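Here is the structure we will look at, set down as structure tokens.
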Amino acid sequence: MGVEVSVEGLTKSFGSQNIWRDVTLTLPEGEVSALLGPSGTGKSVFLKTLIGLLHPEQGSVIIDGTDITQCSAKELYEIRKLFGVLFQDGALFGSMSLFDNIAFPLREHTKKKENEVRDIVMEKIDLVGLTGAEDKLPGEISGGMRKRAGLARALVLDPQIILCDEPDSGLDPVRTAYISQLLIDINAQIDATILIVTHNINIARTIPDNIGMLFRKELVMFGPREQLLTSEQPVVKQFLSGDRFGPIGMSEEKDEAVQKQEEAMQAAGISGGGTKEDFTEIIPQVQPNPGMPERKAIARHRERVHAMLPDLPENAQEAIRRSQEQEDQIREESRAHAEDMAGGGGGRHGGDNEWTSAPAGNVAVADAKTDVIDYGGSDAPTEQWQTPGGGDALTKPSHRAADGNEGRTIQG
């Protein structure tokens, strides 16, 4: 199980430049948290302080009962074994192959034999979709591939604390969705404590249990995702909507004249370019894939949310209740699918919904929003699916696919 990370009164400066001051928060054990904030507010600096790469001027960072700001180099070395870190640029060794980069923590911190190391490394390489690229050097692959290799290295020791600095940077939206789902599945499997630094609002709205935000050298807030997503604070609302009208400017301190000019433009009906999506609705949190264990963090998180519910505005309370009902329904459906597949040898038959197994390695994946099903593999077919009559069912034309499976209907 992941361990709690407790930060108290943390202050960090570089020379005369103060980065942030008096930051206090607790990353609950086994939960996924996200840290938001405009560029240049010190989010990456905060991660590096958590693992002792940077030393704060004031405050404490207590991990597994040890204050790393006061411990010896030997104690810090041991504490760092609890961590898996995905740095913003991947931070790979340029002269090592991807395989050796990912194997490095195993060779450094364990006494495993090379055949064991290879099995673990290849498992993680496959997990992040880099099979076949293990012998390449970091300079021979794209930035997105380097980021995925960095994630594989972060996971290779099955850490209790995982820090991810902008895991979506350099990745296309589809790979970002896969990485996000992977983090949720890992949390379900090993109950690790995860902190994600991100600018991706979709990740912030759907992945973490808790969200914090840094702005103007201070922690604006930190708590359950439901609290921040329903917040009426102008800086939070502006950041979530991606609008240029608000407290956040091109520079951290918005000029008063610029702010008045923007207020006049806003009053005149001129758009600030942000999304007009209604953020009063809380999108259900992403759940582990069918067949994965249920996340233990859910019950702990729910307990805290219910305790604070009476203190929230009525519209926030209603949004939270709706989102929790939707999440419960999604979990029930996922559990039912997993039980059906387990009981039927990988497939389900009967009624209007027919599931059939695909060959090993070619697994069809779909959800209610999917238009194309990719079976995986370079020679595997890609089939178009339709939504007949505007309903929720995705239906494949009834003809035999290249893998020999008949068409079937998947309920969204």
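Potential lengthening of the chain between Asp328 and Val174 amounts to 52.9 nm, from the contour at 0.36 nm per residue minus the alpha-carbon distance.
Residues Phe215, Phe87, ranked from the fewest to the most other C-beta atoms within 10 Å, line up as Phe87, Phe215.
Applying 1/(1 + (r/R0)^6) with r as the Cβ-Cβ distance of Glu218 and Asp89 and R0 = 35 angstrom yields a FRET efficiency of 0.85. The stretch between Met341 and Ala307, if pulled fully straight at 0.36 nm per residue, gains 8.5 nm over its current Cα-Cα span. One Cα centroid belongs to the stretch 147-182, the other to the stretch 202-230; the line between them spans 20 Å. Shown here for the stretch 159-260: GluC sites (Glu not before Pro) in loop regions (DSSP other than H, G, I, E, B) with at most 12 other Cβ atoms within 10 Å, namely Glu232, Glu253. Maximal additional length on extending the Asn315-Gln233 stretch stands at 28.0 nm, based on 0.36 nm per residue less the C-alpha distance. Taking label positions 7 Å along the Cα-Cβ direction at both Glu78 and Arg118, the computed distance is 3.4 nm, reported to one decimal.
Every read-out reported here was derived from the displayed coordinates using simple, explicitly stated rules and does not represent laboratory data. Note that the coordinates shown come from a computational prediction; the quantities given were computed from them, not determined experimentally. Ideal geometry is used to build each Cβ from the backbone, glycine not excepted, and the neighbour counts take in all protein chains shown.
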